[in-house]
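Presented below is the structure to which this report refers.
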Amino acid sequence: MKINIVGIGMDGEKTLTAEAKGAIEKADVLIGAKRMTEPFAALGKTVFDSWKANEIRAYLDGCGKDTAAVLMSGDCGFFSGAEALIQLLSGYDTEIIPGISTPVYMCSKLGIPWQEMRFVSLHGAIANIALSVRRNAKCFFLLGGEITPADICKRLCEYGLSDVRVHIGARLAYSDERIISGLAGGLTEVSCDGLCAVMTENGAPEKCVRAGIPDSEFERGNVPMTKAEIRAVLASKLKVCYNDIVWDIGCGTGSVSVECALAAYDGTVFAVDKCEDAAALTERNARKFGCDNINVIHGAAPDAPGGLPRPDKVFIGGASGNISAVIDKATEGDNSPKIVITAVSLETLNEAACALKEHGLTASITQLAAARYRLIGTHTMPDTQNPVFIIEGGGI
């Protein structure tokens, strides 16, 4: 059987390519979600309505047809079911026929080039909306879950990005198509039903991943804070990757959470602190730095309310004598995260080293003593900070 996986463009009519049209006309059977097959009802073809890869494979195995066209919206290479389907069709003669995707269509309408766009799918996901916009000059959000264009604009405003330009495309390529443009702050109440997409333009995106952010940039309170010089070293020790799940246990002001979140721009940071003031302060700093990938949890680790997912990286800045229990939780099953602990007292240093040893991990210990200099009278004098132990183990 010859199987064509066909991108039918935006609407299956005016955005349908000639190649796609030919493949559909020659097919003995059309397969796809009902919204995909409906535009071709007049052809009188046999139709199998399903978007699930396993159901499509089962149907093809028993349908007895010579040719089939599996219809996908937009383009088969852009957040499409073609990826999963092609893996199940081994043994068949398959070909992918591309179509016009949502961002290509919408950007053409706006007259905006899209080659530097960051693409984010919000199909059934929340994703890191504000952080994506903060880091990129242009972002394209493909909607399809519960989140609406108004929700995106509200999120941007909550995280200090109300002046970002937003374009909302609703019912693109259909007769009732709408494209609404404006600043995020002015579109928080916009109403768009049905299929939508959102594009953002940020004229001043962040161009680097910051480490050792000056202490003065964070909101402060009567909560302990990991100083900038220590955070800069922690960044090199933790080696946070773009899609990591990170625990920050004893998050304090949230300064480490923020720096980890900026590095894990496609990941999530779980910031845990038993102090209510610390949790609230971390939340405020997360919003100040546009880090909507920080989940703040008020509670004691490791049994934080709601539980914590398996981490890739763990930072323990304060566990109230529960370091071993936190490591227990982080290393459940076959998980082997990178673990970094800070200590200012010999007792905490000993607790950390022993906890790592109990879990079969070798503790690597570094002591840092930083001094900042300031002018006192006519002389520049050191303002020495307390020495800090950094204990690391596990991971790579």
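If you go through region 170-186 and pick out every residue that is modelled with pLDDT of 95 or more and buried (at least 19 other Cβ atoms within 10 Å of the Cβ), you end up with 1.
Residues Asp151, Asp176: which one is among the acidic types (Asp, Glu) and more than 21 Å from the chain's Cα centre (by Cα)?
On the way: Asp151 fails: more than 21 Å from the chain's Cα centre (by Cα).
Of the residues listed, the single one that is among the acidic types (Asp, Glu) and more than 21 Å from the chain's Cα centre (by Cα) is Asp176.
In this structure, does Val340 turn out to be loosely packed, with under 15 Cβ neighbours inside 10 Å, of a type outside the set (Lys, Arg) and under 23 Å from Val233 (Cα atoms)? No, not satisfied.
Give region 338-396 a look and list any residue that's free of Cβ contacts under 8 Å to residues at least 12 places away in the same chain, over 16 Å from Gly317 (Cα atoms) and in a loop (DSSP other than H, G, I, E, B), or say none. Residues satisfying the conditions are Gly360, Gly377, Thr378.
Answer yes if at least one residue in region 22-32 is within 30 Å of the chain's Cα centre (by Cα), under 24 Å from Tyr105 (Cα atoms) and crowded, with 17+ Cβ neighbours inside 10 Å, and no otherwise. Can you show your working first?
Let us first name the residues in region 22-32 that are within 30 Å of the chain's Cα centre (by Cα), namely 32.
After this cut, where a residue has to be under 24 Å from Tyr105 (Cα atoms) as well, the list is 32.
Checking which are crowded, with 17+ Cβ neighbours inside 10 Å leaves us with 32.
Scanning region 22-32 turns up at least one residue that is within 30 Å of the chain's Cα centre (by Cα), under 24 Å from Tyr105 (Cα atoms) and crowded, with 17+ Cβ neighbours inside 10 Å.
If we scan region 312-330, do we find a residue that is of a type in the set (Val, Ile, Thr), closer than 28 Å to Ser132 by Cα and more than 19 Å from the chain's Cα centre (by Cα)?
Keep residues of region 312-330 that are of a type in the set (Val, Ile, Thr), which gives 314, 316, 323, 326-327.
Checking the rest, the ones that are also closer than 28 Å to Ser132 by Cα come to 314, 316.
If we keep only those that are more than 19 Å from the chain's Cα centre (by Cα) as well, we get 316.
Yes, region 312-330 contains at least one residue that is of a type in the set (Val, Ile, Thr), closer than 28 Å to Ser132 by Cα and more than 19 Å from the chain's Cα centre (by Cα).
Of the residues screened, Leu43 is not one that is touching a helix residue (DSSP H, G or I) at 6+ places or on another chain (Cβ under 9 Å), among the hydrophobic types (A, V, I, L, M, F, W, C) and buried (at least 17 other Cβ atoms within 10 Å of the Cβ).
Of all residues in region 107-123, which are assigned to a loop (DSSP other than H, G, I, E, B) and over 13 Å from the mean Cα position of the chain (by Cα)?
Taking region 107-123 as the starting set, the residues that turn out to be assigned to a loop (DSSP other than H, G, I, E, B) are 111-117, 122-123.
Listed by number, the residues that qualify are Gly111, Ile112, Pro113, Trp114, Gln115, Glu116, Met117.
When we screen Ser80, Ser90, Ser50 for residues that are outside the structural domain of Ile168 (by TED's automatic domain parsing) and surrounded by fewer than 13 Cβ atoms within 10 Å (Cβ to Cβ), the only hit is Ser90.
The values are calculated or read from the model by the stated rules, or taken from the named source; none is laboratory data. The model shown is predicted, which means the values in this text are computed figures rather than measured ones. Here the Cβ is made from the backbone with ideal geometry for all residues, glycine too, and neighbour counts use every protein chain on show.
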